[in-house]
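What follows is one structure encoded as structure tokens, with my remarks underneath.
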Amino acid sequence: MTEITRVPLLPIAKGSMSRLWLGVAAAVLGGAALACAGQPPLVDVRTIAPGAGPSPAGDDFVMINYTGKLANGVVFDSANRAILPLQRVVPGFTKALEQMQAGGKYLVKIPAKLAYGDKAVGQIPANSDLTFTIELIDFKTAAEIEQQQRMMEQLRAMQAAHAAGAPGAAPAEANLPH
């Protein structure tokens, strides 16, 4: 036969419950702080003028107007109607564009860890936070870009065949005014 050992429970001292709950709350807050400390810094995206519709995804191509500045206000890059694949820009730039809609204008602050990190690139010193003003004109998926490229290649092939006098093509002189 087994013997059960009984342990008497002592009464809880006055004020101990509040200390117990404070300890639990402190442990939860400490865990949350550690979890946040392990997270990468966030990209700050502020809307200057709202856009409409869906947002681009990580494998899309965007057409944008942008100006990039260092923390001291020096412009290091700018372009109008630039077409960029989101897979080939710094992670912070991609994360920011994924929050935008076409037709919108945004102010974006990218922390160094999501930009170029500890590497100096061109005019950008190592560990530099970057600020961009970005206007998202439009975006297309990779499949849409490939389809447009195929159509352009077919058009060029037809124009080359026409210029070479392919059978069935009208002579070039026939298109001239008389």
Quick check on the range 1-46: of everything there that is hydroxyl-bearing (Ser, Thr, Tyr) and part of a helix (DSSP H, G or I), which residue is modelled with the lowest pLDDT? SER16
So for the range 100-123 (the condition being surrounded by fewer than 20 Cβ atoms within 10 Å (Cβ to Cβ), under 17 Å from GLY58 (Cβ atoms) and under 16 Å from the mean Cα position of the chain (by Cα)), does at least one residue qualify? yes
Yes or no: LEU136 aliphatic (A, V, I, L, M) and either outside any strand (DSSP E or B) or more than 14 Å from the chain's Cα centre (by Cα) (or both)? no
Only one residue in ALA164, ALA96, ALA169, ALA142 is at pLDDT below 90 and either within 21 Å of ALA49 (Cβ to Cβ) or in contact with a strand residue (DSSP E or B) (Cβ under 8 Å, 6 or more places away or on another chain) (or both), so which one is that? ALA142
Only residues that are of a type in the set (D, E, K, R) and at pLDDT below 95: list them for the range 47-76, please. ASP59, ASP60
In the range 52-73, residue farthest from the chain's Cα centre (by Cα) [restricted to those that are closer than 14 Å to GLN101 by Cα and among the polar types (S, T, N, Q)]: ASN65
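The values are calculated or read from the model by the stated rules, or taken from the named source; none is laboratory data. Only a predicted model underlies this, so the values are computations on that prediction, with no experimental measurement involved. Heads up, the Cβs are rebuilt from the backbone with ideal geometry, glycines too, and the neighbour counts pull from every protein chain shown.
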